[in-house]
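So the structure is just underneath, and the comments pick up after that.
The values are calculated or read from the model by the stated rules, or taken from the named source; none is laboratory data. Treat the numbers as computed from the prediction; the structure is a model and nothing was measured. Heads up, the Cβs are rebuilt from the backbone with ideal geometry, glycines too, and the neighbour counts pull from every protein chain shown.
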Amino acid sequence: MGITPQPGIMDIALYQGGKSAIAGRTDVLKLSSNENPLGPPPSALAALAKAAAGVHLYPSTDHAGLRLAIGEVHGLDPDRVICGVGSDEVLQFVTQAFAGPGDEIIHTEHGFSLYPVLIHMAGATAVKVAERERQVDIDAIIAAVTPRTRVILVTNPGNPTGTMVPVSKLERLVDAVRDDIVIVLDGAYTEYADGYDGGTALAGSRPNVLMTRTFSKIYGLGGLRIGWGYADREMIDVMTRIRQPFNLSVLQLSAAEAAIRDRVWVENCAALNSAQRARLTGALRQLGWACDEAHGNFVLARLADEAEATAVDAALQADGILVRRVGGYGFPEGLRITVGDEDQTGRVITALTRWREGA
């Protein structure tokens, strides 16, 4: 007899992160993980250095300082904020707290790859809904709801597509489904989407809506793993009961609080991304490759087929540039390219142009 895991555990595929090294090269440009090319704000680094002297002390269990900062910056009630080890952990809280064996959780075709993992962890059944032209199809989600549906996961803006669902359609989704279904608006890339509130208004006014955000993208703190969610106080109370009391360290809490208050840094990062995203998108289209209007810090280039994607990826790696193959997301012909700074974007465009002209 051997040790037997819980049902569904062995169905979970191991996560594969973006490649970060090329053998024999020291000038690697990593554009495979949607990281901020400017890194974290200096204010966060200073807070980290200061907090290091206190790592022998346990952190706060209620994250009061960070929740207060989030509330002040975004005009939210701190008592309706929950913090986690990346927004990943907040997503884990909601799936485990509100679904289990016999229940269904809906996610879309090109949503975050972690969703099926979290659903299996909860023992629930994953229901994958097709998208339409690489965009979340609200009608398809509504049609997939059954009496067993407990949670709906919507990535907005999407990854790896970069496309976005307008707030009007999200409102229609909330209005159309039962109020005992939790709707999660996963907004890791919200700060890059001009004019989008990330679901703040819906989470603030509807008792069954949870909005999630992260410090891994525009705040440049991916290595520290910090995220948060905002929802009705009763939902937050339920999720807090399964949160480990010391899930965030003094270093994480200090850096995140400093970062979220540094609004000038965030605005500068968003402006840089917007300009270089438009530049990269334009160049890809001029080179004859399709790409949708993107709303995150990356662009999904759709090449002629998988063979061409493989060839272009190899050419980029030969130039020391790493991008992300997204066949696992249903785009074997796709390359997801993180938006870098001006010089990095220029390096990518030069390499792509050289390949196209030589092909």
| task | With respect to SER32, determine if the residue is in a loop (DSSP other than H, G, I, E, B), outside the structural domain of ALA203 (by TED's automatic domain parsing) and buried (at least 18 other Cβ atoms within 10 Å of the Cβ). | result | yes
| Based on what the data block shows, is ILE183 in contact (Cβ under 8 Å) with a residue 12 or more places away in the chain, in a helix (DSSP H, G or I) and aliphatic (A, V, I, L, M)? | no
| query | Just one of the numbered conditions (1) outside any helix (DSSP H, G or I); (2) touching a Phe, Trp or Tyr at 6+ places or on another chain (Cβ under 8 Å) is not true of VAL299; which one? | reply | (2)
| task | Test ALA201 against the criterion of being surrounded by fewer than 23 Cβ atoms within 10 Å (Cβ to Cβ), farther than 22 Å from ILE337 by Cβ and either in contact with a Ser or Thr (Cβ under 9 Å, 6 or more places away or on another chain) or at pLDDT 95 or above (or both), and give yes or no. | result | yes
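Scan the range 284-296 and tell me whether some residue there is at pLDDT 95 or above, among the polar types (S, T, N, Q) and part of a helix (DSSP H, G or I).
Initially, the range 284-296 is screened for residues at pLDDT 95 or above, giving 284-296.
Now drop any that are not among the polar types (S, T, N, Q), which leaves 286.
Subset that is part of a helix (DSSP H, G or I): 286.
Among the residues of the range 284-296, at least one is at pLDDT 95 or above, among the polar types (S, T, N, Q) and part of a helix (DSSP H, G or I), which makes the answer yes.
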| task | Would you confirm whether any residue within the range 127-147 is in contact with a Phe, Trp or Tyr (Cβ under 8 Å, 6 or more places away or on another chain) and either outside any loop (DSSP other than H, G, I, E, B) or more than 21 Å from PHE215 (Cβ to Cβ) (or both)? | result | no
| field | Contacts under 8 angstrom Cβ, first residue in the range 274-287 being in the same structural domain as ASP343 (by TED's automatic domain parsing), partner assigned to a helix (DSSP H, G or I) and hydrophobic (A, V, I, L, M, F, W, C), 6 or more apart | value | ARG279/ILE349; LEU280/VAL348; LEU280/ILE349; ALA283/ILE349; ALA283/LEU352; LEU284/LEU352; LEU287/LEU352
| assigned by TED's automatic domain parsing to the domain that holds GLY328, surrounded by 12 or more Cβ atoms within 10 Å (Cβ to Cβ), farther than 19 Å from GLN252 by Cα and in contact with a strand residue (DSSP E or B) (Cβ under 7 Å, 6 or more places away or on another chain) - does that describe any residue in the range 70-92? | no
| task | Could you pull out the residue among ALA69, ALA64, ALA99 that is within 24 Å of LEU173 (Cα to Cα) and aliphatic (A, V, I, L, M)? | result | ALA99
| query | Take the residues of the range 61-99 that are free of Cβ contacts under 8 Å to residues at least 40 places away in the same chain and closer than 30 Å to THR149 by Cα: which is nearest to the chain's Cα centre (by Cα)? | reply | GLN92
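Conditions tested, residue by residue: (1) more than 15 Å from the chain's Cα centre (by Cα); (2) assigned to a loop (DSSP other than H, G, I, E, B); (3) among the aliphatic types (A, V, I, L, M).
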{"site": "GLU191", "(1), (2), (3)": "no, no, no"}
{"site": "LEU202", "(1), (2), (3)": "yes, no, yes"}
{"site": "PRO207", "(1), (2), (3)": "yes, yes, no"}
{"site": "THR212", "(1), (2), (3)": "no, no, no"}
{"site": "LYS217", "(1), (2), (3)": "no, yes, no"}
| said: Please determine whether any residue of the range 246-259 is free of Cβ contacts under 8 Å to residues at least 40 places away in the same chain and surrounded by fewer than 19 Cβ atoms within 10 Å (Cβ to Cβ). | reply: no
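Just checking, how many residues over the range 35-75 are outside any helix (DSSP H, G or I) and farther than 24 Å from ALA271 by Cβ? Working first, answer last.
Here is the first cut: in the range 35-75, the residues outside any helix (DSSP H, G or I) are 35-41, 55-63, 75.
Filter once more, keeping what is farther than 24 Å from ALA271 by Cβ: 55-63.
Going through the range 35-75 one residue at a time, the tally reaches 9.
Is the range 328-349 home to any residue that is without any contact (Cβ under 8 Å) to a residue 12 or more places away in the chain and not assigned by TED's automatic domain parsing to the domain that holds ALA130?
Restricting attention to the range 328-349, the residues satisfying the condition of being without any contact (Cβ under 8 Å) to a residue 12 or more places away in the chain are 343, 346.
Then keep just the ones that are not assigned by TED's automatic domain parsing to the domain that holds ALA130; that gives 343, 346.
Checking the range 328-349: at least one residue is without any contact (Cβ under 8 Å) to a residue 12 or more places away in the chain and not assigned by TED's automatic domain parsing to the domain that holds ALA130.
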